[in-house]
């Protein structure tokens with residue numbers, strides 16, 4: 001079976017995967033979604049893909065925004081990652097094994113009143129518990145792809161939180177990867193401080209509606225496309241623009257309905273104005289600590305972060 005494992009790694013990496021990990025079935029509880037989807041699962045294969053560091057550059061400089069959404073989210077989720085999954089699954093079928101690719105369905109949620117900040121809130125199908133999806137972060141940890149960061153992001157030795165990931169379920173028994181012990185995250189809270197909308201709580205939990213509002217650019221101090229009259233008609237508009245407003249699902253929808261600052265991508269993906277500022281802050285911290293194994297000639301953060309004054313919107 002070691003030959004199969006080597007083939008999987010080779011094909012996955014040839015098609016864009018940067019980290020490949022394996023979790024034997026006994027790492028999952030018997031009632032885990034993995035077995036509800038495919039009861040004969042013997043191994044979960046995890047594939048992690050780096051989000052190019054340069055794609056964050058435009059938002060860091062306040063100059064180019066569409067590259068992050070189109071290249072780091074849409075094309076990764078809709079093209080690069082599925083192609084790697086399909087190539088690996090094709091080889092495994094050729095070898096006589098079952099292989100079920102598992103990628104996130106960005107628009108289906110079992111929860112009735114939650115949201116996915118990366119897509120339009122009114123494009124999500126909620127209360128769809130019949131559509132079973134695995135716990136992606138839990139599976140990533142069990143596959144040894146990385147560790148869990150304070151804000152529930154997957155942190156990898158090479159790229160920190162700048163990764164996306166997907167899985168393949170198979171009936172092939174493959175030796176598991178070593179589970180990564182926590183060693184990167186020091187609970188510094190930089191991810192929490194970096195969020196432009198205070199969406200990360202003291203315990204690291206992320207409020208998805210709060211995140212959605214500011215992922216889409218409601219903080220005017222970090223949005224070069226926001227007009228001075230933004231959010232006219234909303235009583236606490238300056239509080240929203242300052243990133244100080246606490247939203248509910250109802251108020252979040254009203255705010256999101258007034259965000260016309262930048263066009264969305266395809267597949268219902270919303271353009272991110274914050275560019276995952278939490279992940280960037282985390283990455284900068286890890287890079288400054290010198291704990292990432294992938295080194296670059298220059299640091300990512302070259303100058304003090306820019307910003308506008310709330311007074312510009314009065």
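Evaluate the distance, in nm, between pseudo-label points positioned 7 Å from the Cα of residue 137 and of residue 302 along their respective Cα→Cβ axes.
3.3
Determine the shape class of segment 38-117: with a ≥ b ≥ c the square roots of the Cα gyration tensor eigenvalues, call it rounded for a/c under 1.5, and otherwise prolate if a/b is greater than b/c, oblate otherwise. Please list the in-between numbers first.
Values: a/c = 3.36, a/b = 1.64, b/c = 2.05.
The shape class here is oblate.
What is the packing order of peptides 59-67, 115-123, taking the mean over residues of other C-beta atoms within 10 Å and listing the highest first?
115-123, 59-67
Pop the C-beta distance of residue 105 and residue 6 into the FRET formula with R0 = 30 Å and round what comes out to the nearest 0.05.
Numbers: r = 31 Å, r/R0 = 1.03.
The formula returns an efficiency of 0.45 here.
By how many nm would the segment from residue 311 to residue 14 lengthen if fully extended, with 0.36 nm per residue of separation less the alpha-carbon distance? All intermediate terms of the calculation are to be shown ahead of the outcome.
Numbers: separation 297, 0.36 × 297 = 106.92 nm, distance 5.09 nm.
Taking 0.36 nm per residue and subtracting the Cα distance, the gain is 101.8 nm.
Once you keep just the Cα pairs under 8 angstrom separated by 6 or more residues, what percentage relative contact order results for the chain? Could the numbers behind the result be given before it?
Working: 558 pairs, mean separation 70.8, N = 314.
Value for the chain: 23 percent.
What distance in nm separates the simple spin-label points at residue 123 and residue 225, each placed 7 Å from Cα in the Cβ direction?
Taking the two extended label points, one gets 1.3 nm.
Would you mind ranking 312, 207 so that the residue whose beta carbon has the fewest other beta carbons within 10 Å leads the list?
Exposure proxy ranking, most exposed first: 312, 207.
Angle check, please: helix 81-94 long axis (alpha carbons) against the longest principal axis of the chain (alpha carbons), in degrees 0 to 90, nearest 10.
10
What's the exposure ranking of 34, 206, going from fewest to most Cβ atoms within 10 Å?
Fewest-to-most ranking of 34, 206: 206, 34.
What list do you get for 306, 209 if you sort them by fewest beta carbons within 10 Å? Mind dumping the intermediate values first?
On the way: 306 11, 209 22.
In increasing order of surrounding Cβ atoms, one gets 306, 209.
Kirkwood Rh over alpha-carbon pairs of segment 190-299, then Stokes-Einstein at 25 °C and 0.890 mPa s: what D in µm² s⁻¹, rounded to an integer?
Translational D for this selection: 164 µm²/s.
Specify which labelled value, from [x] 58, 44, 42; [y] 89, 40, 32; [z] 66, 47, 33, agrees with Cα extents along the principal axes in Å derived from the coordinates of the model shown.
[z]
Once you have the Cα-Cα distance between residue 251 and residue 201, take 0.36 nm times their residue separation minus that, and quote the gain in nm to one decimal. Show your work: numbers first, answer last.
Details: separation 50, 0.36 × 50 = 18.00 nm, distance 1.88 nm.
Answer, rounded to one decimal: 16.1 nm.
Can you tell me the order of 84-92, 125-133 when each peptide is scored by its average per-residue count of other Cβ atoms within 10 angstrom, highest first?
In decreasing order of mean packing, 84-92, 125-133 become 84-92, 125-133.
Going by Cα centres, segment 24-38 and segment 161-186 are how many Å apart?
For segment 24-38 versus segment 161-186, the Cα centre distance is 15 Å.
Quick one: the Cα spread of segment 182-240 along its three principal axes, in angstroms, biggest first?
46, 20, 14
Compute the relative contact order of segment 190-299 as a whole-number percentage, counting only Cα pairs closer than 8 Å that sit 6 or more residues apart in sequence.
Value for segment 190-299: 36 percent.
Rounded to the nearest 10 degrees, what's the angle between the helix 2-14 long axis and the longest principal axis of the chain, both from Cα atoms, 0 to 90?
30
Bear in mind these aren't lab numbers, they're just calculated from the coordinates by the rules spelled out. Owing to the predicted nature of the structure, the values given are computational and were not obtained by experimental measurement. Every residue, glycine as well, gets a Cβ built from its backbone with ideal geometry; the counts of neighbours run over all protein chains shown.
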